[in-house]
Every structure is written in C-alpha cells, then in structure tokens.
Amino acid sequence: MGTKGIAIVDMDVKKLIGVLNKAFSDEWLAYYQYWIGAKVVKGPMKEAVIAELTEHAADELRHADMLATRILQLGGTPVTEPKEWYKLTNCGYDAPEDPFVKAVLDQNIKGEQCAIMTYKNLLNYTLNKDPVTYNIVLQILQDEVEHEEDLQADLEDLLTMLNVHKGK
Ligand code: FE
Ligand code: FE
Ligand code: MG
C-alpha cells in the first residue's frame, strides 16, 4: 500500500474499505448467479441467453477483481470467507430454481437494477473525496447499465417471440 495514495483519500478509509467489501461480495454472488444460470437455463432463445449470461459472469468476476485490487491498495483485505458474502451483500442472491429463460432473465434484471443503485450510491459517496475509487466505481456502473439493457433486450425479443407463437 502506498502511503501518499492513501493520504489523499479524503474520507474514513476503514469505512470505505467496508463499503467496497460489500460491493465485492455482491460481485461474487452476481458472478455465480450468472454462471449457474447459464448452465441450467431452458426454453426458447436459450443459446443467445446463455451467451449473454456467460459474458456477464466474466464481467462480474472482473468487477470483483477491480474491487479487490482497490481494497488492497487502501490497506484492507478483501473478504476471505465466502459465508461473509451473504452477510455483506447489498443485492443478495437469487437461485435460478425456475430454469425457464424468462424467470432467469427477470432475476438477473432485478440484480442489475440493484447493482446500478448500489454503484450510483457509491459514486455519490466518493465524489470529490476519492477520485481513484470514484473512477473504478464509474467503470463498473457503466458495465452494469449495459448489462441491464442487454438483458431487457433479450427479454423483449423473447416476449415478442412468445406472443407471435400465441398469434398475438
Ligand atoms: Fe458487476
Ligand atoms: Fe452486472
Ligand atoms: Mg452483455
């Protein structure tokens, strides 16, 4: 950890590390939710949805890496015990118990909407106080906004297709 790099952080660094570890826990749970969703999903448009879920899983794992790197720079330790993810998470974990493609998309859209709110709050929290963390959070937020849009586009295509089948 760099002493000057930490000294320029104009906020309670311990508290910041705590907040980053909450987001870090979210990212691991989001990663697994996408990863297992891609394995179990069933129904029309399955191939397109699997490709999207797999891509998003990789993005969430990359987000976890970005947050871990920042936590370490700040002199903290990323959560070492997975059981803690459940205690620290902002957005929780939705097991894809219903593997139908619409149910999986709905769950992940809900997750992304929570992630967008979480990172928007983190942007406000770090604005003018920690530009390095702010920049990382902004990059992650841009990805989460893209994730939500991708999933909603897949859902729209799916609903159009289902309605065509019903003759609507
Ligand atoms: Fe993420
Ligand atoms: Fe995401
Ligand atoms: Mg995508």
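Read the figures in this text as sums done on the coordinates, not as results from a lab. Being a predicted model, the structure only gives us computed values, none of them experimental. Ideal geometry is used to build each Cβ from the backbone, glycine not excepted, and the neighbour counts take in all protein chains shown.
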- Leu72 versus Ile8: modelled label distance in nm, points set 7 Å from Cα along the beta carbon direction: 2.1
- Item | Helix-derived mean residue ellipticity, 222 nm - over the chain, DSSP H n ≥ 4, -39500 (n - 2.57), to 500 | -26500 deg cm²/dmol
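Holding the Cα-Cα limit at 24 Å, pick out from Lys22/Lys46; Lys39/Lys110; Lys22/Lys102 the pairs that are longer than that.
Details: Lys22/Lys46 32 Å; Lys39/Lys110 19 Å; Lys22/Lys102 28 Å.
From Lys22/Lys46; Lys39/Lys110; Lys22/Lys102, over 24 Å: Lys22/Lys46; Lys22/Lys102.
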- Query: Taking neighbour counts of Cβ atoms within 10 Å as a proxy for exposure, in what order, fewest first, do Trp35, Trp28, Trp85 appear?
  - Reply: Trp35, Trp85, Trp28
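With r defined as the distance between the Cβ atoms of Lys46 and Asn121 and R0 fixed at 22 Å, what FRET efficiency is calculated, to the nearest 0.05? Before the final figure, lay out each step's value.
Working: r = 35 Å, r/R0 = 1.57.
Calculated transfer efficiency: 0.05.
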- Length released on extending from Lys129 to Leu162, taking residue separation times 0.36 nm less the Cα-Cα span: 7.0 nm
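For the chain, with only Lys/Arg (+1) and Asp/Glu (-1) charged at the beta-carbon, what is the dipole magnitude about the Cα centre, in debye rounded to 20?
On the way: 17 positive and 27 negative charges, 104 e Å.
The dipole magnitude comes to about 500 debye.
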- Name the long-range amide H neighbours of Phe100: under 5 Å, sequence gap of 5 or more, or other chain; modelled H, no Pro or chain starts. Lys42
